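These notes concern the structure reproduced below.
Rule-based calculations on the coordinates, nothing more; no lab input. What you see is a predicted model; the values in this text were computed from it and never measured.
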Amino acid sequence: MCGIVGVINRDRLPVERTVLADMAHAIRHRGPDSEGCYIDGPVGFYFKRLAIIDLVTGDQPMTAGR
């Protein structure tokens, strides 16, 4: 099963990638096949992917424009 972690800094400081990576490391068992990171200022997400179905188009983070 895939896993996701996220941070929203209420003080509007930019999210540090290392913080998200440390959080994602704690859930590495949820998705060892792929990973992705999305940061936009004070908001950040990190995805861990377990590839069972849809090996080609199921990569994360999934985006749809802005």
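Once the piece of chain linking D11 and D33 is laid out straight, how much longer is it, given 0.36 nm per residue of separation minus the C-alpha distance between them?
Details: separation 22, 0.36 × 22 = 7.92 nm, distance 3.36 nm.
That works out to 4.6 nm of additional length.
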On full extension of the chain, what length is gained from H25 through M1, given 0.36 nm per residue of separation minus the C-alpha to C-alpha distance?
7.1 nm
